[in-house]
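I have placed the structure first, in the form of structure tokens, so that the comments after it can refer back to it.
The values are calculated or read from the model by the stated rules, or taken from the named source; none is laboratory data. No experiment lies behind these values; they were computed from the predicted model shown. Note: ideal-geometry Cβ built from the backbone for every residue, glycine included; neighbour counts use all protein chains shown. These area figures cover heavy atoms from the full protein model, side chains too; ligands, DNA and RNA do not enter into them. Shrake-Rupley method; radii C 1.70, N 1.55, O 1.52, S 1.80 Å.
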Amino acid sequence: MSKTIPLALLLRLAGLLRRTLLSKKFYSEVSTKILLKTSTMDANLYFICYLTLMVASALENKPEIKRFLLKLYYKLMLVVSLVIRRVSGVDISKSNGKCCLTTAPQHFDAPTEGSNLAKYLKRISSYIADIRIFNRLTDNITYIPWLLDEFAEFGNPLLAKSFSDRVIGVLQPINCIVLEGLENAGWVLDHNWVGTSDNPYWSFETYIWCCRVWGLYLALEIAQLIRNTPISKWNKAWQVQLFQQVIQLPLVLHWSLRDGCLTPFWVGFCGSGASWFKFKDLWLSLDI
């Protein structure tokens, strides 16, 4: 017998459609709060880029994941069977004298093909990553006012900031300028906008050093978060902010090493985790 969709659910879906896809205000909110600024657009692309990579990796490795889970289930059932047999004397692995645990380990090793959808998702993720770097080619211009403000504060002895805070304050915009400069150079070389004796080599080198500088930036951010916030103010917002920085550390380590250390799934997982909160807050900010 087919189940009918509850009327309450249909009414909710109709109401959601009226407030979103069928509403002029919805498109206006998306245009002004998400698409208008490069920063908000990047926050969306950040999450989508890593989410598609994570899903693609999961689909690509679906046969291996399935075999792993089946093996795990088989071993777990053997342990449960052994425990029950020792405690109660009943062998649950057999029914009417026949073995119920018929899934043999060698059956799990049969080769299977991954998902074709994974290939398209990986291409989407790669293309979005390319767009994000292209959109950041002019970011260094936005860091100059920040650097000038920090220099002005550094030379002002009347400010309440400690000397170490003022030093870190100056280092952070310098760090960002160097980071973006290396990333821009790596992208330009990767796309052959300039010529060197070996563009792929120099592009790879600049990307690696860009990530190492990024690691320094994250370390300073985490240190400042912990150092300048009293324990009494370690609220949810502070914890989210710290989490967003910490979960990027594996990405920094991965891309700072010449051979990497993470699989594409974990790269996607860490990137999705780091970008989820900003992505969620942006869409929740829409007045619909």
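Here residue 190 fulfils each of the conditions (1) surrounded by fewer than 17 Cβ atoms within 10 Å (Cβ to Cβ); (2) closer than 22 Å to residue 252 by Cβ apart from (1). Among the residues making up the stretch 20-34, those that are over 15 Å from residue 278 (Cα atoms), assigned to a helix (DSSP H, G or I) and open to solvent by 40 Å² or more (accessible area, probe 1.4 Å) are 24, 25, 27, 28, 31, 32.
Output the residues belonging to the stretch 116-129 that are open to solvent by 50 Å² or more (accessible area, probe 1.4 Å) and not β-branched (Val, Ile, Thr).
Within the stretch 116-129, 116, 117, 119, 120, 122, 123, 126, 127 meet the criteria.
Residues in the stretch 232-247 include none that are of a type in the set (Ser, Thr, Tyr), surrounded by fewer than 18 Cβ atoms within 10 Å (Cβ to Cβ) and in contact with a helix residue (DSSP H, G or I) (Cβ under 7 Å, 6 or more places away or on another chain).
Would you confirm, using the coordinates I've provided, whether residue 37 is open to solvent by 60 Å² or more (accessible area, probe 1.4 Å), of a type outside the set (Ser, Thr, Tyr) and at pLDDT 85 or above? Judged against the criteria, residue 37 is a match. With the structure loaded, tell me whether residue 265 is in contact (Cβ under 8 Å) with a residue 60 or more places away in the chain, among the aromatic types (Phe, Trp, Tyr) and open to solvent by less than 80 Å² (accessible area, probe 1.4 Å) or whether it fails that test. So residue 265 passes the test. Scan the stretch 238-275 for residues that are touching a Phe, Trp or Tyr at 6+ places or on another chain (Cβ under 6 Å) and of a type outside the set (Gly, Ala, Ser) and the total you get is 2.
Out of 11, 17, which single residue is surrounded by 11 or more Cβ atoms within 10 Å (Cβ to Cβ) and free of Cβ contacts under 8 Å to residues at least 40 places away in the same chain? Even if it seems obvious, please write down each step before you answer.
Working: 11 fails: surrounded by 11 or more Cβ atoms within 10 Å (Cβ to Cβ).
Of 11, 17, the one residue that is surrounded by 11 or more Cβ atoms within 10 Å (Cβ to Cβ) and free of Cβ contacts under 8 Å to residues at least 40 places away in the same chain is 17.
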